[in-house]
Structures are given as C-alpha cells and as structure tokens.
Amino acid sequence: MNARRAAGAVLGTGVLLCLLAALAVTSLSVRVDGTSMTPTLQEGDRVLVAPSSAGEARRFDVVLLRATGRDALLVKRVIGLPGDRVAIASTPERPFEVLLQEQGRGPVHRVVAPQWTAQAHRTGACCAPDGTRSARPELRTVPEGAFFYLGDNPDLSDDSRAYGWGRLGRVEGRVGLRAFPVSASPGLGNRPVLERWQGLGQGSVKGAGP
C-alpha cells in the first residue's frame with residue numbers, strides 16, 4: 001500500500017469513528033429543552049446520565065426526573081434530601097433566599113449559588129406542606145423518599161415550587177457531563193455551597209427559631 005492509500009485509509013477510519021461517536025452521543029444523550037437551567041445548561045445542550053444512577057438524588061446534583069403527575073422529563077438541581085428542612089424567604093432586596101437545615105437539626109444555612117443571585121428578581125415564598133409555594137416562608141421537612149429541587153434560572157423554572165416534592169423513584173439519572181456542544185466544558189460547574197444564615201431576622205421565617 002502506497003503512502004497515499006495509507007493516508008486515505010487512516011482518514012476514512014477517522015471519519016467513520018467520528019460518525020460513530022456522533023451517533024452514540026445522539027442516541028445515548030438527552031437534549032435540554034428550555035432555559036430553566038441557564039447558565040449551567042443551555043437550550044440545545046445534550047447531557048449524558050451517569051450509569052446506575054436512576055433513583056438517586058444527592059444534594060446539589062443535577063438530575064433528570066419526571067415530576068409528580070407529569071410525564072415530561074425535567075432537568076433540575078437537587079436541594080433538599082429526605083429529613084432536611086427547606087424554605088425560601090423573599091424580600092424586594094433579597095428576592096431568592098433558599099434556606100436549608102440538614103436533617104432538620106442544627107443551624108439553618110443559606111444555599112449560595114451565584115447564578116441565582118444574577119437571575120432571581122421575582123419575590124415569592126416557600127414552602128407549603130407539599131413543597132410548593134406558600135404565602136409566607138416556612139421551613140418544611142422533606143418527606144421520606146422525596147427531595148426538593150429547583151432550576152438554576154429561578155424566575156423561569158417550574159420546579160418543586162410548582163410541582164411539590166420530587167420522588168426518588170421518578171429520578172431517571174444523575175447528569176454526569178455535557179456531551180454537546182463540543183466547544184463547551186463537559187463539566188457542569190455552578191455547584192452551590194452552604195453558608196451559615198445570618199438572617200433576615202430568624203423570626204421572619206416560621207420554624208427557623210431555636
């Protein structure tokens with residue numbers, strides 16, 4: 001085989017492998033529709049689910065789930081786990097203050113996510129007994145087998161505030177990485193952290209006192 005034929009064979013093999021990789025990404029990945037997770041995930045991104053992660057929810061992971069009473073597949077971020085107490089307190093100055101008390105004990109923490117600060121402008125409170133929006137902020141305990149979830153673009157996200165507690169049995173998997181576009185980082189980033197809550201004054205959130 002001369003050099004030209006060898007180069008052609010190598011090129012042909014490379015093209016075939018690229019086509020197979022593209023086909024695998026398309027068939028195995030899930031396309032993100034909507035803007036509820038921007039800037040972490042953009043509309044049109046394709047994500048891959050971590051193997052054997054169905055039915056799992058770990059704090060601050062991004063998961064694919066089906067909301068109670070809905071067949072549509074959602075991509076959202078896990079905030080509260082079974083036994084945690086969660087609330088959302090809002091004022092015009094601080095419209096989206098997500099509060100978390102791990103396992104219902106100890107101090108109340110604020111969930112800090114820069115993407116929320118940049119995008120959350122609508123006020124609203126949480127939670128009612130089923131995990132949905134409420135008239136005033138109140139810490140609610142996440143039931144066994146459930147979790148509390150939000151979108152990274154709070155003003156444009158239908159999440160637990162609309163659908164109530166997520167069910168672990170309806171989690172289809174944890175988002176492992178972004179497969180497309182190839183120009184974007186495969187990692188998701190934007191992972192929230194916990195910070196000791198200094199208050200709007202703890203008396204302003206029912207159930208947050210000692």
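Note down the magnitude of the dipole of region 90-210 about its Cα centre, charges +1 on Lys and Arg C-beta and -1 on Asp and Glu C-beta and zero elsewhere, to the nearest 20 debye. Intermediate values should be presented prior to the final figure.
Numbers: 15 positive and 12 negative charges, 25 e Å.
For region 90-210, the charge dipole is close to 120 debye.
Classify region 123-186 as rounded, prolate or oblate, taking a ≥ b ≥ c as the square roots of the eigenvalues of its Cα gyration tensor: rounded when a/c is under 1.5, otherwise prolate if a/b is larger than b/c and oblate if not. The shape class here is oblate. A simple count of charges around A179, restricted to other residues whose Cβ falls under 13 Å of its Cβ and scoring Lys, Arg +1 and Asp, Glu -1, yields +2.
Can you compute the charge dipole magnitude of region 93-141 about its Cα centre, using +1 on each Lys and Arg Cβ and -1 on each Asp and Glu Cβ, nothing else charged? Give it in debye, rounded to the nearest 20.
Values: 7 positive and 5 negative charges, 10 e Å.
For this selection, approximately 40 debye.
Averaging the sequence gap over all C-alpha pairs within less than 8 Å and six or more residues apart, then dividing by the number of residues, gives region 98-159 a relative contact order of 25 percent.
Dividing the convex hull volume of the alpha-carbon atoms in region 93-210 by its residue count gives 128 Å³ per residue. Just the protein heavy atoms count here, and of the accessible area of region 116-166 at 1.4 Å, carbon and sulfur take up 49 percent.
Sum up the charges of everything whose Cβ sits under 14 Å from the Cβ of A72, counting Lys and Arg as +1 and Asp and Glu as -1, but leave A72 out. Before the final figure, lay out each step's value.
On the way: positive: R31, R66, R70, K76, R170; negative: D33, D71, D158, D159, E172.
Cβ neighbours under 14 Å give a net charge of 0.
The values are calculated or read from the model by the stated rules, or taken from the named source; none is laboratory data. Worth saying up front: this structure is predicted, and the values here are computed from it rather than measured. Neighbour counts run over all protein chains shown; Cβ positions are idealised from the backbone, glycine included. SASA here: full protein model, heavy atoms, side chains in, ligands and nucleic acids out. Shrake-Rupley method; radii C 1.70, N 1.55, O 1.52, S 1.80 Å.
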